[in-house]
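The values are calculated or read from the model by the stated rules, or taken from the named source; none is laboratory data. Remember, predicted model here, so these are calculated numbers, not experimental data. Because the Cβ atoms are built from the backbone with ideal geometry, glycine has one as well, and the counts that use them run over all protein chains shown. Ligands, DNA and RNA are stripped out before the accessible areas are found, and what is left, the full protein with its side chains, is counted by its heavy atoms. Shrake-Rupley method; radii C 1.70, N 1.55, O 1.52, S 1.80 Å.
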Amino acid sequence: MTHCCEHDHDHDARPASPYEQAFSHYEMHLHDDAVHATVARLIDDNRHKYDTPEVKRLLLSTVELTTLKVTDSQESVLRFVERVNAFADAHPDLPHLATICVYPVFAKIVSESLEADGVEVACVAGGFPSSQTFIEIKTTETALAIHDGATEIDCVLNVGAFLSGDYETCADEIAEIKAACAGRPLKVILETGALQTAENIKRASILAMYAGADYIKTSTGKIDPAATPEAALVMCQAIKEYHAETGTLIGFKAAGGIKTVADAVDFYTIVSETLGEDYIKQGHFRIGTSRLANLLVSDILGEDVKPF
């Protein structure tokens with residue numbers, strides 16, 4: 001098998017790592033221009049099928065309503081949760097949100113004050129958003145969030161290690177954070193804008209899934225570009241290939257910069273056309289956002305409202 005580092009003569013003699021062996025089972029020769037053209041054609045040809053009231057209701061159920069601001073406080077997060085509770089009470093006919101997503105220090109107040117049925121408590125942990133801290137800190141932060149009531153964890157791939165070719169560190173960290181989740185779902189944020197190429201995004205997707213991710217997620221929303229249709233297509237194709245190879249179906253979360261209902265329909269189109277609409281209906285697709293939920297509700301109700 002060809003090594004990923006075949007031009008690095010210091011490494012030519014070593015056997016292929018388990019990660020390189022895993023990569024060899026997947027289509028890794030991607031060209032950014034071709035991905036861009038494919039996703040543009042896929043959306044142009046198919047989005048009309050999904051620009052419907054039914055899809056917008058389903059999109060509402062995928063929303064991870066997020067507050068990750070430096071100004072967040074116990075009081076502001078409590079008000080945030082109370083708005084979700086009030087919305088659920090006022091609109092029992094509408095789908096519930098997927099999660100409320102907050103920093104770990106707010107897991108306790110969210111878990112204690114959340115009354116809306118079916119809404120999970122997600123926390124970003126593991127040194128979010130840069131992942132630049134000690135693995136002991138990453139796992140401890142994760143465990144504390146779970147202890148305080150988090151039911152899902154979002155962590156960030158060690159992008160610096162990944163771009164250096166240190167796949168072992170990346171995979172080991174994900175596995176340790178997953179263990180600290182105590183059986184709760186782990187979403188691994190690839191920070192696709194920093195990975196830059198379709199090939200890197202594909203490689204990071206495969207690595208994260210093999211290491212224990214339950215979902216792979218586009219972005220932190222803290223750097224540009226954040227979620228792009230191109231990244232979504234590559235990640236969904238990786239999920240499809242991984243499922244065919246292993247029998248395990250991994251979730252997908254688009255987050256960062258999804259500002260309009262039209263944007264959300266585009267992402268829905270990509271996921272549905274690649275992985276099937278049942279994949280979405282079974283809860284494997286999520287959208288992380290702080291502003292889209294109000295726009296979706298306004299569209300569904302036919303009036304300008306801001307419940308969140």
Filter the cross-link list Lys69/Lys306; Lys49/Lys69; Lys108/Lys306; Lys138/Lys187; Lys253/Lys281; Lys49/Lys222 down to pairs whose alpha-carbon distance in this structure exceeds 24 Å. Lys49/Lys69; Lys108/Lys306; Lys49/Lys222
Can you compute the FRET efficiency between Ala175 and Asp278 using 1/(1 + (r/R0)^6), with r the Cβ-Cβ distance and R0 = 25 Å? Round to the nearest 0.05. 0.30
Divide the volume of the convex hull of the Cα atoms of the stretch 236-281 by its number of residues and quote the answer in cubic angstrom per residue. 71
Residue separation times 0.36 nm, minus the C-alpha to C-alpha distance between Arg41 and Arg83: what's the value? 11.2 nm
If you average 1/r over all unlike Cα pairs in the stretch 15-77 and invert the result, what Kirkwood radius do you get in angstrom? 16.9
Looking only at Asp117, Asp51, Asp266, which one moves most when the chain is put into a Gaussian network model with springs between Cα atoms under 10 Å? Asp117
Going by alpha carbons, how many degrees (0 to 90, nearest 10) lie between the helix axis of 74-90 and the longest principal axis of the chain? 70
With Cα atoms, 0 to 90° folded angle of helix 135-147 axis to the chain main axis: 30
Please compute the Cα-Cα pair-distance distribution of the chain with 20 Å bins starting at 0, giving whole percents from short to long. 34, 57, 9, 0
Note down the nm distance, to one decimal, between modelled labels 7 Å out along Cα→Cβ at Ala90 and at Asp72. 2.3
With no solvent term and unit scatterers on the alpha-carbon positions of the stretch 210-265, Debye gives log₁₀ I(q)/I(0) at q = 0.19 Å⁻¹ of -0.69
At the level of C-alpha centres, the distance separating the stretch 232-308 and the stretch 190-226, in angstrom, is 16
Express the carbon and sulfur contribution to the solvent-accessible surface of the chain as a percent, rounded to the nearest whole number, probe 1.4 angstrom. 50
Equivalent ellipsoid semi-axes, the stretch 79-164, via Cα gyration tensor eigenvalues times 5, rooted, Å: 30, 13, 9
Nearest 10 degrees, 0 to 90: what angle lies between the long axis of helix 53-62 and the longest principal axis of the chain (Cα atoms)? 70
If I take R0 = 41 Å and measure r between the Cβ atoms of Asp304 and Ser24 in this structure, what FRET efficiency does the formula 1/(1 + (r/R0)^6) give, to the nearest 0.05? 0.20
Normalise the Cα radius of gyration of the stretch 219-308 by 2.2 N^0.38 Å (N = residues in it) and let me know the number. 1.16
Please report, for the Cα atoms of the stretch 127-263, the Rg to one decimal and the Dmax as a whole number; what are they, in angstrom? 14.0, 41
Can you give me the convex hull volume of the Cα atoms of the stretch 180-249, divided per residue and expressed in Å³? 84
Area of Arg83 that stays accessible when all protein chains are in place (1.4 Å probe, Å², to 10): 90
